[in-house]
Amino acid sequence: MQVLQAIRALSDAMDRMHGGMKGDMDMNATDLAALRMLIMREQREEAVRPQDLARHLRISTASTTKLLDRLSGSGHVERRPHPRDGRAQVIVLTDGSRRAFFRHFGERLQKMRVVADRYDDDELALITRFLGELGDVLDPQ
């Protein structure tokens, strides 16, 4: 029971953190989820096409177009030609959006790394497996 209570407390803390960022950046939950996905893919040096974003967010292509129109209109993303397929587009964060994201999350990410550093590799592997399994249960594909 303590594990479930800790998970609920973590979920509540993340909701509050994301809620503050949504308000500061004048975004809705889907907008913020899109930015988080773009940040993660950028860190892995993976290009993001509009259909990748739609699949990740589980929204229609029409909703994705509206989302991208809104995010590009507010200066958060740019649509660029795909580096290898000139007919396709990729979605890229603007420098301003990236700075805003890390301004809001940077300190928290550093503190999260400090917590993670308290555990050895075997413990982190177990925690990772546990959280991954929980994610699969909560959000089956």
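Things to note:
- Residue count for segment 9-45, restricted to those that are at pLDDT 90 or above, over 13 Å from residue 100 (Cβ atoms) and surrounded by 11 or more Cβ atoms within 10 Å (Cβ to Cβ): 6.
- Unique match (being under 20 Å from residue 94 (Cβ atoms) and not aliphatic (A, V, I, L, M)) among 55, 8, 44, 16: 44
- Hits in segment 85-128 (condition: touching a Gly at 6+ places or on another chain (Cβ under 9 Å) and either without any contact (Cβ under 8 Å) to a residue 12 or more places away in the chain or not small (Gly, Ala, Ser) (or both)): 94, 104
Residue-by-condition table, conditions (1) small (Gly, Ala, Ser); (2) outside any helix (DSSP H, G or I); (3) within 22 Å of residue 48 (Cα to Cα); (4) at pLDDT 90 or above:
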residue	(1), (2), (3), (4)
91	no, yes, yes, yes
101	no, no, yes, no
114	no, no, no, yes
119	no, yes, no, yes
125	yes, no, no, yes
132	yes, no, no, yes
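- The residues in segment 58-91 that are surrounded by 17 or more Cβ atoms within 10 Å (Cβ to Cβ) and under 12 Å from residue 35 (Cα atoms) can be counted, and the count is 6.
- Among the numbered conditions (1) surrounded by 12 or more Cβ atoms within 10 Å (Cβ to Cβ); (2) modelled with pLDDT under 90, the only one that residue 140 does not meet is (1).
The values are calculated or read from the model by the stated rules, or taken from the named source; none is laboratory data. This is a predicted model, so every value here is computed, not measured. Note: ideal-geometry Cβ built from the backbone for every residue, glycine included; neighbour counts use all protein chains shown.
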